[in-house]
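Below is one structure, written out as structure tokens; the observations come after it.
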Amino acid sequence: MNTSSTNFNSKIKGNIYQDKNIFIVVSITMIAILPLFSVSPMLPSIAEALNVSLDRMGLIMAAFLIPVALGTPIFGILADRFGFKQILIPSLLVFALGGILCAFAPNFRSLIEWRILQGLGAASLESLVLSIIGGLYTGKKLTAAMAVNATAIGVGSTFYPPLGGALAAVNWRYTFGLSLLAVPVALLVLLALKLPEKRYSNREFELKRYIINVGKSIKNRQVLGLFLAIIALFMIEFGAFYTFTPIMAGDTLGASSMEIGIIFTTNSISLTFFAFLVGLFARRVSETRLIQISLVIFSVALWIIPTVTSIKMLVIPCILIGIVEALAFPSLQASLAKLAPKDYRAGFMSLNVTVQSIGRAIGPILAGIIFGISGIQGVCYIGSVIIIFSLILFSFLVSYKPKSKS
């Protein structure tokens with residue numbers, strides 16, 4: 001078991017850009033983020049077309065993210081048991097099917113139901129991407145590889161919002177047709193992705209021992225602090241920013257779906273640019289410090305959003321939150337990957353994605369409740385307070401963490 005992994009990892013030498021696996025893995029990431037970034041700009045269009053109130057639009061995001069949160073740890077165990085490809089390929093095909101069914105949903109209830117199916121297809125994708133990267137690279141190269149993955153998220157999120165907005169301007173159903181991109185990616189995984197054999201034989205794998213060992217691996221202050229930062233970031237990001245900031249832009253500022261998509265590309269461009277630089281930042285600044293800086297910037301951006309009086313001014317918080325994503329996400333994922341036990345990597349990293357998904361799922365729901373009571377001001381100001389509280393608690397939990405070496 002360990003020998004196959006060691007032999008495989010020993011082949012990954014030199015620059016990570018020389019390894020074709022990183023590009024295949026990145027394509028899976030771009031599929032995983034598709035239902036998040038392409039859908040946000042068209043939420044006002046869906047509300048109007050299906051005659052649904054704006055405060056219920058958070059359910060569209062939650063319906064996708066809740067099955068991701070619940071399914072991720074299960075698929076992490078199955079991936080460690082049967083192998084990554086055996087889980088990735090069917091997951092990508094179910095993802096595509098769910099998206100196409102969303103495109104043909106006759107009403108809001110059906111749309112929510114098919115979003116749940118698509119969420120089940122997506123449940124394994126992000127955690128297995130992080131597990132694969134964690135298995136291929138070590139040290140600063142690991143942080144650089146996570147930054148490449150974050151850069152891909154930036155590239156995808158640059159194109160998905162305007163593309164989703166443009167398609168929604170014709171008909172919101174066309175946006176869900178983008179889910180078919182998962183089919184060629186599944187073929188690419190089948191034919192070209194090179195990974196170690198599955199970790200366990202039928203006799204070796206013991207579920208009880210596996211769960212106990214994964215549980216033991218998260219019982220330390222560093223992991224708990226990282227999980228706290230992750231759930232806070234994703235909860236507020238997907239509640240205040242990705243769900244209700246577009247709604248504010250359409251309802252209060254009078255922006256069209258196309259205009260919202262274009263404005264949100266500035267967030268993606270900012271993410272892409274600064275994620276490209278994270279590898280350089282990590283040589284001088286610890287991952288912990290980068291996470292702390294990102295939380296401060298996020299709090300500032302949230303205070304700015306309710307003060308915006310024109311769609312052009314929305315560019316400022318979009319750029320700031322792009323910086324937050326570029327600094328925080330690779331640093332968080334690299335820190336967790338360094339702490340992941342080799343024999344239980346997929347299970348451990350699936351907990352990370354479960355925490356992300358819980359934040360993503362409850363964020364839009366809680367933000368919807370607050371939005372219905374006090375509008376975008378309440379959503380953003382309360383979100384800012386939560387981020388500051390999380391910064392303080394995170395700093396306390398990781399206060400004795402040594403700085404990463406150059």
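Could you work out how much longer the chain between MET313 and ASN107 gets when fully extended? Use 0.36 nm per residue separation minus the Cα distance between them, nm to one decimal.
Numbers: separation 206, 0.36 × 206 = 74.16 nm, distance 3.48 nm.
So the chain would gain 70.7 nm between MET313 and ASN107.
With unit charges on the beta carbons (Lys and Arg positive, Asp and Glu negative) and the dipole taken about the Cα centre of the chain, which residue among ALA96, ILE376, GLY83 sits farthest to the positive side? Ranked along the dipole, the leading option is GLY83. Multiplying the residue separation of ILE373 and LEU70 by 0.36 nm and removing their Cα-Cα distance gives an extension gain of 106.2 nm.
Under Stokes-Einstein, with the Kirkwood radius over Cα pairs standing in for Rh, what whole-number D in µm²/s applies to segment 137-186 at 10 °C and 1.306 mPa s? Write down the numbers at each step before the final one.
Values: Rh = 12.8 Å.
Reported coefficient: 124 µm²/s.
Electrostatic bookkeeping for LEU188 treats Lys and Arg as +1 and Asp and Glu as -1; over the other residues with beta carbon under 13 Å from its beta carbon, the sum is +3.
Looking at this model, which pairs from LYS85/LYS216; LYS20/LYS141; LYS194/LYS216; LYS20/LYS85; LYS141/LYS338; LYS141/LYS219 are more than 22 angstrom apart at the alpha-carbon?
Working: LYS85/LYS216 27 Å; LYS20/LYS141 15 Å; LYS194/LYS216 30 Å; LYS20/LYS85 16 Å; LYS141/LYS338 11 Å; LYS141/LYS219 26 Å.
Table pairs above 22 Å Cα-Cα are LYS85/LYS216; LYS194/LYS216; LYS141/LYS219.
Got a sec? Charge dipole of the chain, +1 on Cβ for Lys and Arg, -1 for Asp and Glu; which of ALA150, MET349, LEU314 is way out at the positive end? Positive-most Cα among the choices belongs to MET349.
Could you calculate the FRET efficiency of ARG221 with LYS194 from 1/(1 + (r/R0)^6), where r is the beta carbon distance between them and R0 is 56 Å, rounded to 0.05? If you can, show how the numbers build up before the last one.
Values: r = 37 Å, r/R0 = 0.65.
For R0 = 56 Å, the calculated efficiency reads 0.95.
If each residue of separation counts as 0.36 nm, what is the full-extension length gain between SER399 and ILE211 once their alpha-carbon separation is subtracted?
Details: separation 188, 0.36 × 188 = 67.68 nm, distance 2.83 nm.
Once the chain is fully extended between SER399 and ILE211, it gains 64.9 nm.
Taking other C-beta atoms within 10 angstrom as a stand-in for reagent exposure, ASP80, ASP55 fall in the order ASP55, ASP80, fewest first. Dipole check for the chain: with +1 at the C-beta of Lys and Arg, -1 at the C-beta of Asp and Glu, and the Cα centre as origin, the magnitude is about 1640 Debye. Projecting the Cα positions of ASN51, ILE362, ILE323 onto the charge dipole of the chain (unit charges on Cβ atoms of Lys, Arg, Asp and Glu, taken about the Cα centre) puts ILE323 furthest along the positive direction.
For segment 262-327, the square roots a ≥ b ≥ c of the C-alpha gyration tensor eigenvalues yield an a/c of 1.5 or more together with a/b not exceeding b/c, which makes the shape oblate. Test of understanding: express the Cα radius of gyration of segment 12-397 as a ratio to 2.2 N^0.38 Å, with N the residue count. With N residues counted in segment 12-397, Rg over 2.2 N^0.38 Å equals 0.93.
Where a number appears in this text, it was derived from the coordinates with a stated rule and is not lab data. Every value quoted in this text rests on a predicted model; they were computed, and no experiment measured them. Backbone-built Cβ (ideal geometry, glycine too); neighbour counts: all protein chains shown.
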